[in-house]
1. Quick one: in segment B:1-34, of everything that is of a type in the set (S, T, N, Q) and loosely packed, with under 15 Cβ neighbours inside 10 Å, which residue is nearest to the chain's Cα centre (by Cα)?
2. All but one of (1) modelled with pLDDT of 90 or more; (2) surrounded by 18 or more Cβ atoms within 10 Å (Cβ to Cβ) hold for B:Ala161; state the number of the condition that does not hold.
3. Which pairs turn up if I take residues in segment A:91-105 that are surrounded by 10 or more Cβ atoms within 10 Å (Cβ to Cβ) and look for partners that are modelled with pLDDT of 75 or more with beta carbon separation below 7 Å, at least 6 apart in sequence or on another chain?
4. Could you identify the single residue in B:Leu59, B:Leu68 that is buried (at least 16 other Cβ atoms within 10 Å of the Cβ) and more than 11 Å from every other protein chain (Cβ to nearest Cβ)?
5. Let me spell it out: the conditions are (1) farther than 30 Å from B:Ser167 by Cβ; (2) in contact (Cβ under 8 Å) with a residue 60 or more places away in the chain, and B:Leu29 meets all of them except one. Which number is the exception?
6. For segment B:122-188, which fully contained helices (runs of 4 or more DSSP H) count at least 2 residues that are out of contact with any helix residue (DSSP H, G or I) (no Cβ under 8 Å at 6 or more places or on another chain) and at the interface with another protein chain (Cβ under 10 Å from one of its Cβ atoms)?
7. With a cut-off of at least 1 residues that are closer than 22 Å to B:Ala172 by Cα, name the helices (runs of 4 or more DSSP H) lying wholly within segment B:10-96.
8. Taking the stated definitions as given, is A:Ser64 farther than 30 Å from B:Gly28 by Cβ and polar (S, T, N, Q)?
Amino acid sequence: MNVDEREWDDQESALESLRSGNPIANEARINQYKILFAALAGQPIPALSQGFASRVALIAYLRSDKARKIERRFEYGLTAMMLAVLALAASLVSICFGTAWLRPLLSANPWLKASLLCVAALSIVVHIQREGNKPVIQA
Amino acid sequence: MNPDRALVEAALTNAPGAFERLVREHQGLCWHIIYRIVHHREDAEDLCQETFLRVHRYLHQYRFESALNTWIGQIAYSVALRYMERRRLPLITDTEEMTDISVVENVGDGVDIEAVCMNTEILGHAHDAIGRLPPLQRTLMTLYHVEGLSIADVSRITGLAGGTIKSYLFRARFKLRATLSALLGENQ
C-alpha cells in the first residue's frame, strides 16, 4: 500500500493540532486521527520497577574493571592472611613440639615430600607469571 | 557544554551517581522501545537492564555524532530485535489486514472529540487495537507519537529508511482509524 499523501497530510495535521492545541478544520477524518493519537498518548503502559536506575548502576559497577580489581585485591589479601595464619600456626606447633614428628612422616611417605615440592614449585611459577603480567609503567 | 557530553564524561570517570542519572534520564525511551516490541513486562525489564549494561560497557565508544538518546535507543532496539529473533517471533506480520478506504469515509463530521476521549469504552477498544499492531509498527508509533522523535531520529534508532518508516506509520494510523471509525459508527 503506497502512502496516500492527502491522507498523510491529514494524519500530520491532526498530530500537529493535538500537540499545539490549535484547532483545525472540523473534518471527520482529522478528528478521528486526533482521537486516535490522544488514545495513543494516553495508552497505559506498565512502569519499570522502582529503583531500576540504582539497581542497574550497581550491577554495572560490580561488573566494571574497577570493582573486579578491588575484588581481586581483596581475594589476594584474604589468601595472604590465611597463609600467614597457617604459617604462624605451623611455627607455633614446631616451637611447642619440635620437628621430630615431621621427619618420620616424610620418610615414611615419599609422595608427600614430592607433593609438597610440587606445591612449592607451582606457587613460585604462579608468582613469576603474575609479576610478568603487571602493566609496564612508562615514564 | 552539551549536557549529553557532561553526563557521559562524568559516567566515564565513574563520578558518583553519574551513571545512575544517565539511566534515569533515558530509561523511559529504552523501556518504550523494548516493551512495545517485546510486550512482556518481565522480559522487557531484563532487556532494559541488558541495554544499560551494554551502554555502560561501550560508553567509551560513543562519539557524540548523534544524540545520546538516539545512541541508547539503537542499542535498546537491537537488544529487543535479538530477543525476537531468538524466540522466532515476527516483527511484522505478512498478512496485514488493510481496510478499504471507503469503509472509513462514512463517519460524519460532527464528532465530539472530547466526548469520545472521555468514553472509556471507545478508548479501551482503541488501546486494544494499538496493542494488536505488529511489534514494529507499535514501536514506530510510540517513538513518533509518544516520544515525539522525528522520522530521521526513528530512522537512526531502527536503521530503517525514512520512506519505510513513513509507510509503516501511515499504514498503522490508517488501519487504526478504520478500527476507530467502525467503533464510532457503532456508538453513534
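The values are calculated or read from the model by the stated rules, or taken from the named source; none is laboratory data. Being a predicted model, the structure only gives us computed values, none of them experimental. Backbone-built Cβ (ideal geometry, glycine too); neighbour counts: all protein chains shown.
1. Just the residues of segment B:1-34 that are of a type in the set (S, T, N, Q), to begin with: B:2, B:13-14, B:27.
The next check asks that each one be loosely packed, with under 15 Cβ neighbours inside 10 Å; those that pass are B:2, B:13-14.
Working: B:Asn2: 26, B:Thr13: 31, B:Asn14: 31 Å.
Going through the qualifying residues, I end up with B:Asn2.
2. Unmet condition: (2).
3. A:Leu105/A:Leu112
4. On the way: B:Leu59 fails: more than 11 Å from every other protein chain (Cβ to nearest Cβ).
Checking each option against the conditions leaves just B:Leu68.
5. Of everything listed in (1) farther than 30 Å from B:Ser167 by Cβ; (2) in contact (Cβ under 8 Å) with a residue 60 or more places away in the chain, B:Leu29 misses just condition (1).
6. Values: elements: B:135-141, B:151-158, B:162-187.
Output list reads B:162-187.
7. On the way: elements: B:18-38, B:41-58, B:68-86.
It comes to B:18-38, B:68-86.
8. On the way: farther than 30 Å from B:Gly28 by Cβ: no; polar (S, T, N, Q): yes.
In short, no.
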